[in-house]
Amino acid sequence: QVQLVESGGGLVQAGGSLRLSCAASGRTFSSYDMGWFRQAPGKEREFVAAISWSRLTYYADSVKGRSTISRDNAKNTVYLQLNTLKPEDTATYYCAAKNSRVTGMTELRSYRDWGQGTQVTVSS
């Protein structure tokens with residue numbers, strides 16, 4: 001099991017940027033696929049971005065071109081850079097980890113371990 005702690009959320013004006021971080025415990029972080037999901041009030045949790053253990057990246061259409069996911073295995077940390085933020089990006093952002101042998105990089109149900117979330121609020 002992996003413990004995940006997100007940070008970096010906050011209040012930002014539309015057009016601004018944020019970098020979210022997710023620190024993971026454990027010595028096998030490099031072998032996990034990592035994902036970011038978000039949940040807005042009254043909506044279901046949705047996929048945002050993911051990075052495989054081999055550094056393949058995946059993005060939701062809603063953030064493609066505006067975001068970058070990366071990982072630093074030496075620091076057991078995965079990042080999500082969000083640029084040109086929009087009010088509709090307002091949500092709680094969650095980091096998640098999954099076994100690389102499990103398929104479904106963009107599917108919420110593929111991920112076993114979850115952080116507590118960090119709030120991102122974009123004002124217009």
Inset, instruction - State all residues of the stretch 2-42 that are without any contact (Cβ under 8 Å) to a residue 12 or more places away in the chain and charged (D, E, K, R); if no residue qualifies, say none. - result: 27
Inset, instruction - Quick one: in the stretch 1-20, of everything that is crowded, with 16+ Cβ neighbours inside 10 Å and in contact with an Asp or Glu (Cβ under 7 Å, 6 or more places away or on another chain), which residue is farthest from residue 59 (Cα to Cα)? - result: 2
Inset, instruction - Take the stretch 32-41 and flag every residue that is modelled with pLDDT of 95 or more and either in a loop (DSSP other than H, G, I, E, B) or surrounded by fewer than 14 Cβ atoms within 10 Å (Cβ to Cβ) (or both). - result: 40
Inset, instruction - Assess whether residue 90 counts as being over 11 Å from the mean Cα position of the chain (by Cα), more than 23 Å from residue 5 (Cβ to Cβ), touching a residue at least 40 places away in the same chain (Cβ under 8 Å) and open to solvent by 20 Å² or more (accessible area, probe 1.4 Å). - result: no
Legend entry - Residue satisfying condition, being open to solvent by less than 50 Å² (accessible area, probe 1.4 Å) and under 11 Å from the mean Cα position of the chain (by Cα), within set 70, 52: 70
Inset, instruction - Would you mention how many residues in the stretch 47-88 are charged (D, E, K, R), over 17 Å from residue 22 (Cβ atoms) and outside any loop (DSSP other than H, G, I, E, B)? - result: 1
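The values are calculated or read from the model by the stated rules, or taken from the named source; none is laboratory data. All figures in this text were calculated on a predicted structure; none of them were measured in a lab. Positions of Cβ are generated from backbone atoms using ideal geometry, with glycine treated the same way; all protein chains shown enter the neighbour counts. Surface areas here come from the heavy atoms of the whole protein model, side chains and all, with no ligands, DNA or RNA. Shrake-Rupley method; radii C 1.70, N 1.55, O 1.52, S 1.80 Å.
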